[in-house]
Amino acid sequence: MSEPMDCSEEPAPAEAVEPFEPAPPIHSRFLFVDVAAQRALQLRRGARIRLRHDEGRHLPHKLERAAMEEVRQQLVHYHVPDPPVARASNG
């Protein structure tokens with residue numbers, strides 16, 4: 001005889017916390033592609049799309065397009081690492 005499950009616990013909210021400030025604009029198309037590719041991987045792994053379904057606009061069907069639009073709307077925060085320090089050669 002199994003005991004009834006206690007369903008009184010509420011599940012954790014599924015909404016992600018949205019950042020208050022927009023991400024810095026991307027001026028380099030190479031950085032844009034890198035950030036959008038990383039975001040597309042996140043979407044493929046199950047991340048939620050941050051785009052809003054506004055009036056007259058539809059959500060992209062392909063996750064890569066959704067990632068590019070998120071980057072274009074500055075919804076994706078990114079960090080560019082500092083370049084590595086060059087070592088002095090022993091010569």
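For D54 and A23, the difference between the fully extended length at 0.36 nm per residue and the C-alpha to C-alpha distance is 9.1 nm.
When you filter the chymotrypsin sites (Phe, Trp or Tyr not before Pro) in region 30-91 for DSSP loop state and at most 16 other Cβ atoms inside 10 Å of their Cβ, you are left with Y78.
FYI, it's all coordinate maths here, none of it is from the lab. These figures come from a predicted structure and were not determined experimentally. All Cβ positions, glycine included, derive from the backbone under ideal geometry; neighbour counts span all protein chains shown.
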